1. Give the residues of the range 147-157 that are closer than 16 Å to residue 65 by Cβ and surrounded by fewer than 21 Cβ atoms within 10 Å (Cβ to Cβ), sorted by residue number.
2. For the range 10-26, what are the residues that are touching a residue at least 60 places away in the same chain (Cβ under 8 Å) and either touching a helix residue (DSSP H, G or I) at 6+ places or on another chain (Cβ under 7 Å) or under 15 Å from residue 113 (Cβ atoms) (or both)?
3. All but one of (1) surrounded by fewer than 21 Cβ atoms within 10 Å (Cβ to Cβ); (2) within 18 Å of residue 93 (Cα to Cα) hold for residue 178; state the number of the condition that does not hold.
4. For residues that are farther than 11 Å from residue 30 by Cα and at pLDDT below 85, tally how many sit in the range 99-126.
5. Scan the range 67-94 residue by residue and report those that are in a helix (DSSP H, G or I) and exposed (fewer than 14 other Cβ atoms within 10 Å of the Cβ).
6. Quick one: in the range 1-18, which of the residues that are surrounded by 15 or more Cβ atoms within 10 Å (Cβ to Cβ) and at pLDDT 90 or above is farthest from the chain's Cα centre (by Cα)?
């Protein structure tokens, strides 16, 4: 039923949009499609840097705790550290396997601003869905369950309730930092466009990433 309306808009030199209160002119459609393509490319690059940064952090945590466990004379403390290595391994695998289903936007050959805009907006919406999965309830719940299980194991098996609890709290904090420092620019852009605002710059989010990364300033460069 919308087809006649869309054809009328195109004939009148206007392009319908899924992300905005009103149709766009041909020039506006071209500009928005180009801006979206640039943003999608930047988000894919940010995602790769996020993976590298946290993979390096989790790898360092695995190596450090393994070495510490080898040197510790206390069996209970060694158990806490071994559990820490296991949790860091799970986090490393989770980071490396979290990828975007939506590919980077491929350029459209035909000089059709309306088609280019439609493809760009569809790609942006798909990427926003991918990014929303970073903080999905099952990721949040899985991280919490893993840390609680680790604390209960070293508590019941070795009596290390204090250190097990401390390790669980640290693990929960790091897990939240990993999930919440994942790029979210596509979702933010979708909301901006739906509100009728132009696509904004992402630079202001660096300080937010710093506050969400307890392992140090070194991870902030990725975001």
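The values are calculated or read from the model by the stated rules, or taken from the named source; none is laboratory data. Computed from a predicted model, the values in this text were never measured in an experiment. Cβ: placed from backbone, ideal geometry, glycine included. Neighbour counts: every protein chain shown.
1. Filtering the range 147-157 down to residues closer than 16 Å to residue 65 by Cβ leaves 147, 150-151, 153-154.
Once the filter is applied, which keeps residues that are closer than 16 Å to residue 65 by Cβ and surrounded by fewer than 21 Cβ atoms within 10 Å (Cβ to Cβ), the range 147-157 yields only 153.
2. Selection gives 10, 15, 16, 17, 18, 19, 20, 24, 26.
3. Residue 178 satisfies every listed condition except (1).
4. First, pick out the residues of the range 99-126 that are farther than 11 Å from residue 30 by Cα: 99-110, 119, 121-126.
Checking the rest, the ones that are also at pLDDT below 85 come to 101-110.
Counting residues in the range 99-126 that are farther than 11 Å from residue 30 by Cα and at pLDDT below 85 gives 10.
5. Here is the first cut: in the range 67-94, the ones in a helix (DSSP H, G or I) are 67-71, 75-94.
Residues satisfying the conditions are 67, 70, 71, 75, 93.
6. Narrowing the range 1-18 to residues surrounded by 15 or more Cβ atoms within 10 Å (Cβ to Cβ): 6, 9-10, 14-17.
So of that shortlist, the ones also at pLDDT 90 or above come out as 15-17.
Numbers: 15: 31, 16: 29, 17: 26 Å.
For the range 1-18, the residue satisfying everything is 15.
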